[in-house]
Structures are given as structure tokens and as C-alpha cells.
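Beneath this line is the structure, given in C-alpha cells, with notes to follow.
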Amino acid sequence: MIHPHIADALKTPDLVRLSPDTVLIRFESMKVYSALAAVRHLLDRGAVRPGQTLVDSSSGIYAYALALACHRHGLRCHIVASTTVDETTRAQLEVLGASVEQVAPSTSLKLDQELRVRRVREILAERPDVHWMRQYHDDIHYLGYQEVADQLVKALPEAALTVVGGVGSGASTGGLVERLRQRDPSVRLVGVQPFGSVTFGSQDHHDPEAIIAGIGSSIPFDNVRHHLYDAVHWMDFTHAMSGTVALLREHAVFAGLSTGAAYLTATHEARRHPDRVHLVVGADTGHRYVSRVHARHAEALDPAGLSPVEVDSPQQMSMPWSTMAWDRTPGPDERKEDAA
């Protein structure tokens, strides 16, 4: 197949068998699917027009995905970037035609996200013609993952499936599983969170090494549908790093930190549920993490000796790794909607 644009080629994932009961779905940049489908949807219904500027904040891979989608469809792109966006990513964004502004350095994920949202609102007040993509809140970002789910059904038609991935904005794991459950309601979803994220209640725990950008949040995300998740794992940086290094060492897969966290989670879940196929969501490659993760491979722990503490409520969790059966419990906002 000859693709009309590089974004159409980049979005397609690869499926890699890691073990008899574990499969990796590896994306070069997962959110390309989400951004392409969202932008196409907005254009089709006339919500945006060619040449208009789309804006959003990002810690990395969504910025790249949105810049590609804008390049693909003849739109302008403006990114309010997290301090975690590295020089390589920023250079690509700028060459693709995106304008980029990076918030002031901060050791706090909460402050970083608050500064980004505040700046986006300032831009909207200054330039009413700009369209805010709202990747954390607009459910159009679920649309692209329906196609991925349909590919999975063809590749794993008979599997009793468990999807394991970073929660983040909620759109990727949520979009996959909503579509998969239309065919098979028994599909399980296991979400991975860093300590310090408000999404599933770990905000009172501070990881002294780092917050894993992209899979957690210091502010509520409307796109997270808590009722989709069967279990949640909270993991610190060192354990996520160990999973990332193990994935490269054992399977030659060069991936990012959220993929490593999902891989370590999936190995634990597979031991508990050997009758199921565990699908590890690999959101991106490891290039952004070379100095912070892969170069520190000597510090990585042996995954064989790692296991989480099982808790009955978020209040009982403890670092460095905890897990809890979520049992598709609605979040606070979802409970309010049901009551209404």
C-alpha cells in the first residue's frame, strides 16, 4: 500500500508476541490515530476549516500527532508544551510548521499542567478564531481507536482479552475497550497510573524520582471513563524504568516508559489470569527516554522479584507498586450523571 501522507503510515501499529499469553501492540506514536480521526471529524462537520489554527497542550506524543494531522489536512498548529517535551520533539514540531511555546520549568506535574491550561485559555481569549482540541476532555479523541479495536478482533478473534495500558487522557485504552466490548463484554481493562495522579486517587503520594508524564494527571480529565476499568495499578518511576529495560533486554523492544510500566503490569496480571491474552499498549518508541531511562539500565530492578501490594481502596495504597480491583466502578462525575 502507498500511503497519501506519512501520518497514515505512522499510525499503523505492529502486533508482537511476547509470550504465549502476552501480546504487544506497538505504535510508533499512538496518538496519531486519535489526532487524525478527531481533525477529520471536525473538518467533516465544519467545526474547523482548512488554514485555521488548532491549539492544545501536550507532554509530547499528542503534540507530534496533532502537528502531523494539521500537516496532513492543511491546518495550522500551536502547541503549549510541557517541560518534559525534549529538544528532538520540539525540533520536529517546528519543522512540521507548528508554533511551540514551552511553559516555565517546574518539578511539579500539577503546576506544569495548570500553567499549560492557563496559557491555552489566554490564547483563546486573544485569538477567538483558534480551535482548542481539548485532548483531555473532548470525546472525539475516542474515535480513532475504533479502527484499532477492529484490527485486534481480526488478529485475535478467539482470545479472552485483557487490555493493559497507561490511563493518561483515558481516550486510548477507553476507546479500544468500548469498541471491543461491543463484540465481547468480557474484555478486561487494566489501567496503569503513576503515584501523584488524581485520576484514581493517588494524589497524596509523591514519587521523589519522577511523575510519569502522559499516563497520570494532577487535574481531572473528562475523557477518563472510570467505569471501563476492571483493575488499576499504581507504579513508581523505578519500577516503570525496570519494566522498560526488561522489555528491551528480553524482547528487543525499544519503547517508552508507559509501555514498560504496562509490560510489568501485564506480566503480573498474566500470572494471575493465565487463561487470558494480555495486550500491552505500547504508546511510543524509546527515543524520548534514552537519557532518563535506557542509559540507566544498570539501575533497573529484576522484574522477577517485583510484585505489587494488593489493596481494597486507594487510601490503602503504598509505594512503590500497588494494585486494586476497580470492578468498573463509576467515577464521581459519572455517578452524578447516573443520578441525574
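Taking the numbered list (1) buried (at least 18 other Cβ atoms within 10 Å of the Cβ); (2) free of Cβ contacts under 8 Å to residues at least 60 places away in the same chain; (3) over 15 Å from Lys31 (Cβ atoms) in turn, Glu126 passes all entries but (1).
Looking across region 6-20, just one residue is touching a Gly at 6+ places or on another chain (Cβ under 9 Å) and β-branched (Val, Ile, Thr), and that is Val16.
Would you pick out the residues in region 295-321 that are touching a strand residue (DSSP E or B) at 6+ places or on another chain (Cβ under 6 Å), surrounded by fewer than 16 Cβ atoms within 10 Å (Cβ to Cβ) and not polar (S, T, N, Q)?
From region 295-321, those touching a strand residue (DSSP E or B) at 6+ places or on another chain (Cβ under 6 Å) are 308-311, 317-318, 321; that's our starting set.
Filter once more, so that each one left must be surrounded by fewer than 16 Cβ atoms within 10 Å (Cβ to Cβ): 309-310, 318.
Result: Val309, Glu310.
Here Ser58 meets the list (1) under 16 Å from Val130 (Cβ atoms); (2) among the hydroxyl-bearing types (Ser, Thr, Tyr); (3) at pLDDT 95 or above almost entirely, failing just condition (3).
Filtered by the rule that a residue be outside any helix (DSSP H, G or I) and either free of Cβ contacts under 8 Å to residues at least 60 places away in the same chain or surrounded by 19 or more Cβ atoms within 10 Å (Cβ to Cβ) (or both), region 137-152 gives a lone residue, Gly144. What about His226, is it crowded, with 20+ Cβ neighbours inside 10 Å, more than 21 Å from Leu152 (Cα to Cα) and in contact (Cβ under 8 Å) with a residue 24 or more places away in the chain? Yes, satisfied.
When residues in region 309-331 are screened for being part of a loop (DSSP other than H, G, I, E, B), within 17 Å of Gly196 (Cα to Cα) and not hydroxyl-bearing (Ser, Thr, Tyr), 3 of them pass.
Consider region 1-29 and keep the residues that are touching a strand residue (DSSP E or B) at 6+ places or on another chain (Cβ under 7 Å) and of a type in the set (A, V, I, L, M). The one that is modelled with the lowest pLDDT is Leu10.
The criterion of being assigned to a helix (DSSP H, G or I) and under 23 Å from the mean Cα position of the chain (by Cα) does not hold for Leu279.
The values are calculated or read from the model by the stated rules, or taken from the named source; none is laboratory data. If you're wondering where the values come from, they're calculated on a predicted model, not measured in any experiment. Don't worry about glycine lacking a Cβ; one is built from the backbone with ideal geometry, like all the others, and counts go over all protein chains shown.
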